[in-house]
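K.L.:
Would you mind keeping the following structure in view while I ask a few things?
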Amino acid sequence: MRKEKNGKGGTILNLASIYGYRVDPYLPVYQASKFAVMGFTKSLGHQYNYRRTGVRVIAICPGFTETKPITGFKTWDDEYIAEDFSNFVQKQLWQKVDAVGNVAVEAFEKGNSGTAWLIEGGNPIVEV
């Protein structure tokens, strides 16, 4: 895709998570991996790189979404905090997968390179 390599440019859409910027005490390893996606997006998507390559890099950060992987999440210390985590999860703004897909298209259409977009509770996207 890179213009300096005879490509036409393009877009990379990274899937981070609400945990790419929001912190809670329950999933430190998962959160660390999502912070890494955000750093990668912001660095690779930096305007310097975008001007040079023509490749736009954007991240979407969905909040809690009704998917199969969300069931059975293990916290870092299940014996002690499983009940707390369960209570925490029940209080979150949940959304359907379709809402994430629709809003991801909107982020793709209007997002500048190096930006990240929150998708939570099926609400309109917000740049984070």
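K.L.:
For the chain, give me the percentage of DSSP beta bridges that are antiparallel, rounded to the nearest 5 percent.
P.N.:
Of the beta bridges lying entirely in the chain, close to 15 percent run antiparallel.
K.L.:
So for each of 92-105, 1-14, 51-64 I average, over its residues, the number of other beta carbons within 10 Å; can you give me the resulting order with the highest mean first?
P.N.:
The most tightly packed comes first, giving 51-64, 92-105, 1-14.
K.L.:
For the range 3-127, which whole percent of the accessible surface, found with a 1.4 angstrom probe, sits on carbon and sulfur atoms?
P.N.:
Of the solvent-accessible surface of the range 3-127, carbon and sulfur hold 56 percent.
K.L.:
Using amide H atoms built 1.01 Å from N in the peptide plane, name the residues 5+ places from ALA116, or on other chains, whose amide H lies under 5 Å from its own.
P.N.:
Here ALA59, VAL128 satisfy the definition.
K.L.:
Whole number please: convex hull volume per residue, Cα atoms of the range 1-60, in Å³.
P.N.:
Normalising the Cα hull of the range 1-60 by residue number yields 63 Å³.
K.L.:
For a quick size check, give me the Cα extents of the chain along its three principal axes, largest first, whole Å.
P.N.:
For the chain, the Cα extents along the three principal axes come out at 54, 26, 22 Å.
K.L.:
Roughly speaking, what is the centre-to-centre gap between the range 50-128 and the range 11-48 when only Cα atoms are used, to the nearest Å?
P.N.:
10
K.L.:
So, in the chain, how many Lys pairs have Cα atoms under 26 Å apart, if the pair is 8 or more places apart or on different chains?
P.N.:
18
K.L.:
Here's another thing I want to ask about it. Can you list the GluC sites (Glu not before Pro) in the range 24-128 that are in a DSSP coil and have 13 or fewer other beta carbons within 10 angstrom?
P.N.:
Taking the range 24-128 and a limit of 13 other Cβ atoms within 10 Å, the loop GluC sites (Glu not before Pro) found are GLU66.
K.L.:
Moving on to the next point. With a 1.4 Å probe and all protein chains left in place, how much accessible area per residue does the range 4-128 have, in Å²?
P.N.:
60
K.L.:
Any chance you could look up the accessible area of SER17 with a 1.4 Å probe, heavy atoms only, rounded to 10 Å²?
P.N.:
Counting only protein heavy atoms, SER17 exposes about 10 Å² to solvent.
K.L.:
Grab the Cα-Cα distance for TYR30 and ARG52, subtract it from 0.36 nm times how many residues apart they are, and report the gain in nm with one decimal.
P.N.:
Residue separation times 0.36 nm, minus the Cα-Cα distance, leaves 4.7 nm.
The values are calculated or read from the model by the stated rules, or taken from the named source; none is laboratory data. Source: prediction; values computed, not measured. With ideal geometry, Cβ positions are generated from the backbone for all residues, glycine too; neighbour counts draw on all protein chains shown. Surface areas here come from the heavy atoms of the whole protein model, side chains and all, with no ligands, DNA or RNA. Shrake-Rupley method; radii C 1.70, N 1.55, O 1.52, S 1.80 Å.
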